Amino acid sequence: MLAAFAIVGITLEGFHGFKTGWYLEDAYETRRLLFTLGHAHGALLALINIVFGVALAALGGNIARLLQASRLLLMGTVLLPAGFFLGGFGLYGSDPGVGVYLVPVGALCVLAAFLIAAVSGGTPVPEAEPLKPVGGTRARSKRSKR
């Protein structure tokens, strides 16, 4: 997801660089805003997904609930930016297209994921003890003397 939204950001910069009319003209300011919001939210949520995965490994917790939170977070990572991008198409004057209705749905998915993760009761995973050698060098040396 992070790579996908980085590509979207590069594409948006390309629209600026090539002075693309349907993106930069004043009449399409709403489109430019919605595309920028989609890119920014998508990149941020992709980073949150990465942090969430790393935190799961470190904190543990109720696996079933955290799996549910992970799925909701992924759904929100797709729906929220998609709503912004789709809202940028089919503009009605300065109003966004109907795709923008996906934004609150995605936002609710992300919020629910955060709440579920917060109450899942994650506890730190104890550190493993260092491995002890089996039949260490001392034991071998005693056997060889016998």
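All other residues with a Cβ under 14 Å from the Cβ of GLY88 taken together, and with Lys, Arg as +1 and Asp, Glu as -1, what is their net charge? Don't skip to the end; give the middle numbers.
Values: positive: ARG31, ARG32; negative: GLU25, GLU29, ASP95.
Summing Lys and Arg as +1 and Asp and Glu as -1 gives -1.
Can you give me the distance in nm between label points at LEU2 and VAL98, each placed 7 Å from the Cα along the Cα-to-Cβ direction?
So the label points at LEU2 and VAL98 sit 3.7 nm apart.
Under a plain spin-label model, where a point goes 7 Å from the Cα along Cα-to-Cβ, how far apart in nm are PHE89 and TRP22?
1.0 nm
Which order do the peptides 92-98, 80-86 come out in when sorted by mean C-beta neighbours inside 10 angstrom, highest first? All intermediate terms of the calculation are to be shown ahead of the outcome.
On the way: 92-98: 12.7, 80-86: 23.0.
Highest to lowest by the protection proxy: 80-86, 92-98.
Quick check: net charge around GLU13, other residues with Cβ under 15 Å of its Cβ, Lys/Arg +1 and Asp/Glu -1? Before the final figure, lay out each step's value.
Values: positive: LYS19, ARG32; negative: none.
Net local charge, GLU13 excluded: +2.
Fewest first, what order do LYS132, LYS19 take by the number of other Cβ atoms within 10 Å?
Working: LYS132 6, LYS19 9.
By the 10 Å Cβ count, ascending: LYS132, LYS19.
Computed from the coordinates by the stated procedures, all read-outs in this text should not be read as laboratory data. Since we're looking at a predicted model, the values are computed, not measured. Every residue, glycine among them, receives a Cβ derived from its backbone with ideal geometry; neighbour counts consider all protein chains shown.
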